[in-house]
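The values are calculated or read from the model by the stated rules, or taken from the named source; none is laboratory data. Keep in mind the model is a prediction, meaning the values are calculated, not measured. Glycine gets a Cβ as well: all are built from the backbone with ideal geometry, and neighbour counts include every protein chain shown. Note: accessible area is taken over every heavy atom of the protein model, side chains too, but ligands, DNA and RNA are not part of it. Shrake-Rupley method; radii C 1.70, N 1.55, O 1.52, S 1.80 Å.
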Amino acid sequence: MNSPNNPMPWRLEWSHELSVHIPEIDAEHRHFIELINALNEAIAERMSLSEVRKRMQDVIDDAVSHFDHEESLFIEWGYPEAEQHARQHAAATKVFTDVMKRIERSEMEYDWIEAGLQVKQLLVAHLLNEDMKYRDFWLAQNGATEILKKD
Ligand SMILES: [Fe+2]
Ligand SMILES: [Fe+2]
């Protein structure tokens, strides 16, 4: 997980595989990647624990408002998997709350590394496994599936 030779173990780069081809959503996903990288940087550079906490909270707050935004788009689109997707958002939000509760008072760097990694993995897995399902729906609805063939 955290190699001593790699001081930025969870740094993420945006790539076209992460794109849902919906500009407003891609912009939000890019933003959360920036926030995750900022959290990673705070841990890697051993910034104060209050700064690490703040950055972790920024990731979580951003994710929660992004989830709300997606759910309102689902209603607009008439997305048939909206409920199932919203359940995944609720489950992820519960994990974030539990993670924050678990580490809030911890002064141990390892706890924060592990917690940051858990939050990051959950968000990336959600993007790749769940958000990609509405990408396919939205592109089909908009007659734009040929976009995927260019990837
Ligand atoms: Fe998303
Ligand atoms: Fe989502």
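Take LEU49 and decide whether it is away from ligand 1 (no atom under 16 Å from the Cβ) and hydrophobic (A, V, I, L, M, F, W, C). The answer is yes for LEU49. Does the stretch 91-100 contain at least one residue that is over 15 Å from GLU114 (Cα atoms), within 16 Å of ligand 1 (Cβ to nearest atom) and surrounded by fewer than 16 Cβ atoms within 10 Å (Cβ to Cβ)? Within the stretch 91-100, one or more residues are over 15 Å from GLU114 (Cα atoms), within 16 Å of ligand 1 (Cβ to nearest atom) and surrounded by fewer than 16 Cβ atoms within 10 Å (Cβ to Cβ). The residues of the stretch 117-151 that are more than 16 Å from ligand 1 (Cβ to nearest atom) and touching a Phe, Trp or Tyr at 6+ places or on another chain (Cβ under 7 Å), listed by number, are LEU117, GLN141. Would you mind telling me which numbered condition in (1) within 16 Å of ligand 2 (Cβ to nearest atom); (2) surrounded by fewer than 12 Cβ atoms within 10 Å (Cβ to Cβ); (3) modelled with pLDDT of 95 or more ASN129 fails? Of everything listed in (1) within 16 Å of ligand 2 (Cβ to nearest atom); (2) surrounded by fewer than 12 Cβ atoms within 10 Å (Cβ to Cβ); (3) modelled with pLDDT of 95 or more, ASN129 misses just condition (3). Every condition in (1) surrounded by fewer than 17 Cβ atoms within 10 Å (Cβ to Cβ); (2) at pLDDT 90 or above; (3) not hydrophobic (A, V, I, L, M, F, W, C) holds for SER19 except the one numbered (1). For the structure I just gave you, tell me whether GLU114 is loosely packed, with under 14 Cβ neighbours inside 10 Å and away from ligand 1 (no atom under 14 Å from the Cβ). When the stated conditions are applied, GLU114 does not pass them.
Among the residues that make up the stretch 28-37, is at least one of them in contact (Cβ under 8 Å) with a residue 60 or more places away in the chain, more than 16 Å from ligand 1 (Cβ to nearest atom) and either surrounded by 14 or more Cβ atoms within 10 Å (Cβ to Cβ) or part of a helix (DSSP H, G or I) (or both)? There is no residue in the stretch 28-37 that is in contact (Cβ under 8 Å) with a residue 60 or more places away in the chain, more than 16 Å from ligand 1 (Cβ to nearest atom) and either surrounded by 14 or more Cβ atoms within 10 Å (Cβ to Cβ) or part of a helix (DSSP H, G or I) (or both).
Restricting attention to the stretch 132-147 and to residues that are within 16 Å of GLN84 (Cα to Cα) and open to solvent by less than 50 Å² (accessible area, probe 1.4 Å), the residue that is farthest from the chain's Cα centre (by Cα) turns out to be PHE137. The residue list ALA63, ALA86, ALA115 contains one member that is without any contact (Cβ under 8 Å) to a residue 24 or more places away in the chain and either in a helix (DSSP H, G or I) or touching a strand residue (DSSP E or B) at 6+ places or on another chain (Cβ under 9 Å) (or both), which is ALA86. Please indicate, with yes or no, whether at least one residue in the stretch 42-59 is open to solvent by 70 Å² or more (accessible area, probe 1.4 Å), without any contact (Cβ under 8 Å) to a residue 40 or more places away in the chain and either on the phi > 0 side of the Ramachandran plot or within 13 Å of ligand 2 (Cβ to nearest atom) (or both). No, because not a single residue in the stretch 42-59 is open to solvent by 70 Å² or more (accessible area, probe 1.4 Å), without any contact (Cβ under 8 Å) to a residue 40 or more places away in the chain and either on the phi > 0 side of the Ramachandran plot or within 13 Å of ligand 2 (Cβ to nearest atom) (or both).
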